[in-house]
1. How many residues does region 360-387 contain that are closer than 18 Å to Phe286 by Cβ and in a helix (DSSP H, G or I)?
2. Taking region 333-359 on its own, how many of its residues are under 11 Å from Ala295 (Cα atoms) and part of a loop (DSSP other than H, G, I, E, B)?
3. With respect to Glu330, determine if the residue is free of Cβ contacts under 8 Å to residues at least 60 places away in the same chain, open to solvent by less than 20 Å² (accessible area, probe 1.4 Å) and in a helix (DSSP H, G or I).
4. Which residues, taken from region 1-30, are more than 18 Å from the chain's Cα centre (by Cα) and open to solvent by less than 10 Å² (accessible area, probe 1.4 Å)?
5. Please work out which one of (1) under 26 Å from Val297 (Cβ atoms); (2) touching a Cys at 6+ places or on another chain (Cβ under 8 Å) is the condition Ala174 fails and give its number.
6. Return the pair list, or none, for Cβ contacts closer than 8 Å from residues in region 269-288 that are without any contact (Cβ under 8 Å) to a residue 24 or more places away in the chain to residues that are open to solvent by 80 Å² or more (accessible area, probe 1.4 Å), at least 6 apart or on different chains.
7. Just give me the residues in region 64-84 being open to solvent by 70 Å² or more (accessible area, probe 1.4 Å) and in a helix (DSSP H, G or I), in sequence order.
8. Quick check on Leu367: is it at pLDDT 90 or above, in contact with a Pro (Cβ under 9 Å, 6 or more places away or on another chain) and either open to solvent by less than 50 Å² (accessible area, probe 1.4 Å) or among the hydroxyl-bearing types (Ser, Thr, Tyr) (or both)?
Amino acid sequence: MKRVLWISGRAPAPLYSGDALYSAGLIEALAVSRKAAIHVFGTERAGRKDGEKPLGLPGVTCSIVRPVNGARFGSLVSSLPRDAYNLASALFRKELKGILDRGWDWIVIDHANSAGVLDMVKNRGARICYIAHNAEGLVRASVARAFDGVARRAVMRVDAEKYRRLERKIVEAADALICITSDDAAYFHRFSKNIHVIPPVYLGTVRAARTIVEACPRSLILLGSFEWAAKQRNLQQILEGLVPTLRRNAISLQVVGAVPETIRTKHEGDPFVTFHGRLPDVRPLFETCRGGLVAEVLGGGFKLKILDYAFAGVPIFGLRTALTGMAPEERSAMFEAENLSELASLIVRNIDDLEGLNRRQTELQGLAAQRFGLAAGMKGMSRVFLG
């Protein structure tokens, strides 16, 4: 039985965001092998209810630390990027020290923002695995360039450079590296040779065969987690660049996720945009939509909402750059465009083609089941930790 300490700056529960979903899927895929005892250590994530048990998997224990408000400007004089600095609080490090002393076969650094404790983890006799949710050295810099305002852009560029350097340190210290897509693997191959591409493991409910009918509203759904500035910017671009065309053609947009008040206030009077906030169960809303939107251009990485749509029988309308990690045959089962203007036209042309919508959603669900199921995740995780 392998003993695995899984350090996640933000504990992977509740499952409201893509990073939590990816981490939770990997943990479950390793846990069901029953050949590893996993202890997850992390900071409490926003949205967790008092007394709620994280993960709840056999063979998995958890230690959750209360979040500590980081010094507002402390990270500016630190070599760590802001998130990693704030998550590696004095309380976090104190609690981790006692856990590290128990002895482990593997120590996982889950996400670059968890690596503020890298100095504590190295040279302890355990093998280190880094789980890269993104190619931070590329993505953070591109996000910084996209923002207006000289001062803000300068701060984000400094933070992006800190992420690049921290990412390089983690990769150099790691005995194994897990990433989501082959594109990310190509980036990391310059610095590491033991790289494993493990796609997300879908943990939700697989819907039985669905048929979209005429009575289904002419509506699209957009799932998201909008805490990060890049994701807020993506949402603003979608609302400003796509919704006017949807409105002219009587197509509505249903937005699910915690949206900043400034964005909600600006668009709440629009009858063709509805903000639902976080929903404990989004499945009833899926039934009222003819398509799911994947149109983010900032932030990179695999979009976990793709799997939510695919397994719910919701056809996907997306931008080519936002569909990173999808195989060519999977993309052929989606409606794909190069930019928001082209995507808007694509939606208008196809929203009433019920035969085409149903054909593509059925094909996509079958393809997704082959690559993103628990069995595929078990095989990948066993190769890394149990081989």
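1. Final tally of qualifying residues: 9.
2. Number satisfying all stated conditions: 2.
3. Judged against the criteria, Glu330 is a match.
4. Selection gives Val4, Leu5, Leu30.
5. Against the list (1) under 26 Å from Val297 (Cβ atoms); (2) touching a Cys at 6+ places or on another chain (Cβ under 8 Å), Ala174 comes up short only on (1).
6. Phe275/Glu268
7. Once the filter is applied, which keeps residues that are open to solvent by 70 Å² or more (accessible area, probe 1.4 Å) and in a helix (DSSP H, G or I), region 64-84 yields Leu76, Val77, Arg82.
8. No: the conditions fail for Leu367.
The values are calculated or read from the model by the stated rules, or taken from the named source; none is laboratory data. Every value quoted in this text rests on a predicted model; they were computed, and no experiment measured them. Every residue, glycine as well, gets a Cβ built from its backbone with ideal geometry; the counts of neighbours run over all protein chains shown. When the accessible area is computed, the model is the full protein with side chains, heavy atoms only, and any ligands, DNA or RNA have been set aside. Shrake-Rupley method; radii C 1.70, N 1.55, O 1.52, S 1.80 Å.
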